[in-house]
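Asker: One structure follows; several queries about it will come next.
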Amino acid sequence: MIRPEPDASQTALANTRAPGGLGDYLRKALVIADVEVRKLRHDPSELIMRAIQPILWMVVFGEVFSRTRAIPTGDLPYLDFLAPGIIAQSAMFVAIFGGMSIIWERDLGIVHKFLVSPTPRTALALGKSVAGGVRALSQAIIVYVLACIMGVHLNWNPLNLLAVATIVVLGAVVFTSFSLIIALLVKTRERFVGIGQVLTMPFFFASSAIYPLEVMPIWLKVLASINPLTYQVDALRVLMINGSTGSHPLWMDFAVLIGTAVVLTFIAGRLYPRAAT
């Protein structure tokens, strides 16, 4: 008799049984991430559709403002200034809707299976957030290719490329964790989508993605200083673009993103049982 092949959730549960320390915790988180990435392989249309927006920002907004020189960026061409911001923006737009998966899993009854497993709740949240980072990397690659075609002065040092990938994933983990918190609080698809659409633009415009901090009014600078997207863009600009300098030390950008990711993942883990109610 031929046994039916187990679905992704059953496989994930089977791989999260063994107890252990930090290594086992990370393995369980990666198993959850693998389940989410497999969904993406079966239906990549979401990422293809979301790639249209950063392309429009680079080709239309970037070209127009490069010609008008309306935004002062010093010796850095505006397209060079803009490209890291568009990578951060596209990664955030993908990540901010990552929490939708919890709502779907609750409706399908899958979330109960994970909650009765020995997997730590924070590992469940971290796994989904890491999967958001994988989605974000695909968007970053698209923007990188487009920036190269448009003549942006990219830094191709392998260590810089690795650091860029790390920053993209860290930023996606931050916003996916934030998305999970929203999904666990509102619990319905309609409310979640509405809140996600409302939040994306304020995060984007209250950052240094499309204009420098120096040209912002004081109140906007204050908002930008507590916006993790600002630190992600700042790090990407230093690492991606030849001749670019950051508004903050690079270690501070990494520290803010890592610290925010840890805090939000912990909160999402604590709230995770709400997905079953």
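The values are calculated or read from the model by the stated rules, or taken from the named source; none is laboratory data. Bear in mind that the values here come from a model prediction, so they are computed numbers and not experimental data. All Cβ positions, glycine included, derive from the backbone under ideal geometry; neighbour counts span all protein chains shown.
Asker: For residue 173, state whether it is touching a Gly at 6+ places or on another chain (Cβ under 6 Å) and either hydrophobic (A, V, I, L, M, F, W, C) or modelled with pLDDT of 90 or more (or both).
Answerer: So residue 173 fits the description; yes.
Asker: I'd like to check which helices (runs of 4 or more DSSP H) are fully inside the stretch 45-148 and have at least 2 residues that are surrounded by 14 or more Cβ atoms within 10 Å (Cβ to Cβ) and either aliphatic (A, V, I, L, M) or at pLDDT 90 or above (or both).
Answerer: By residue number, 78-95, 100-108, 110-115.
Asker: Pull up the stretch 231-259, narrow it to residues that are surrounded by fewer than 21 Cβ atoms within 10 Å (Cβ to Cβ) and farther than 16 Å from residue 212 by Cα, then point me to the one that is modelled with the lowest pLDDT.
Answerer: In this case the residue turns out to be 242.
Asker: Moving on. Within the stretch 161-199, can you find the residues that are in a loop (DSSP other than H, G, I, E, B) and of a type in the set (Ser, Thr, Tyr)?
Answerer: If the condition is that a residue be in a loop (DSSP other than H, G, I, E, B) and of a type in the set (Ser, Thr, Tyr), then 188 is the only one that fits.
Asker: Go through the stretch 260-272 and give me each residue that's surrounded by 14 or more Cβ atoms within 10 Å (Cβ to Cβ) and not hydroxyl-bearing (Ser, Thr, Tyr).
Answerer: 261, 262, 264, 266, 267, 268, 269, 270, 271
Asker: Just name the residue that is modelled with the highest pLDDT out of those in the stretch 31-44 that are in a helix (DSSP H, G or I) and acidic (Asp, Glu).
Answerer: Restricting to residues being in a helix (DSSP H, G or I) and acidic (Asp, Glu), the top hit is 34.
Asker: Which pairs do you get when a residue that is on the phi < 0 side of the Ramachandran plot, found in the stretch 221-238, comes within reach of a residue that is surrounded by fewer than 24 Cβ atoms within 10 Å (Cβ to Cβ) and among the aromatic types (Phe, Trp, Tyr), reach meaning Cβ atoms under 6 angstrom, with the pair 6+ apart or on two chains?
Answerer: Hits for this filter: 229/203.
Asker: Where the second residue is surrounded by 18 or more Cβ atoms within 10 Å (Cβ to Cβ) and in a loop (DSSP other than H, G, I, E, B) and the first is of a type outside the set (A, V, I, L, M, F, W, C) and lies in the stretch 203-217, which pairs have Cβ atoms under 8 Å and are six or more apart or on separate chains?
Answerer: Short answer, once both residue conditions are applied: 207/227; 208/247; 212/73; 212/247.
Asker: Condition (residue is within 24 Å of residue 141 (Cα to Cα), buried (at least 20 other Cβ atoms within 10 Å of the Cβ), free of Cβ contacts under 8 Å to residues at least 40 places away in the same chain and β-branched (Val, Ile, Thr)) applied to the stretch 170-178: is it met by at least one residue?
Answerer: The answer is no, given that none of the residues of the stretch 170-178 is within 24 Å of residue 141 (Cα to Cα), buried (at least 20 other Cβ atoms within 10 Å of the Cβ), free of Cβ contacts under 8 Å to residues at least 40 places away in the same chain and β-branched (Val, Ile, Thr).
Asker: Inspect all residues belonging to the stretch 180-202 and state whether any of them is touching a residue at least 24 places away in the same chain (Cβ under 8 Å), closer than 19 Å to residue 231 by Cα and surrounded by 22 or more Cβ atoms within 10 Å (Cβ to Cβ).
Answerer: The answer is no; no qualifying residue exists.
Asker: Which condition number does residue 208 fail, the rest of (1) surrounded by 15 or more Cβ atoms within 10 Å (Cβ to Cβ); (2) part of a helix (DSSP H, G or I) being met?
Answerer: Failed condition: (2).
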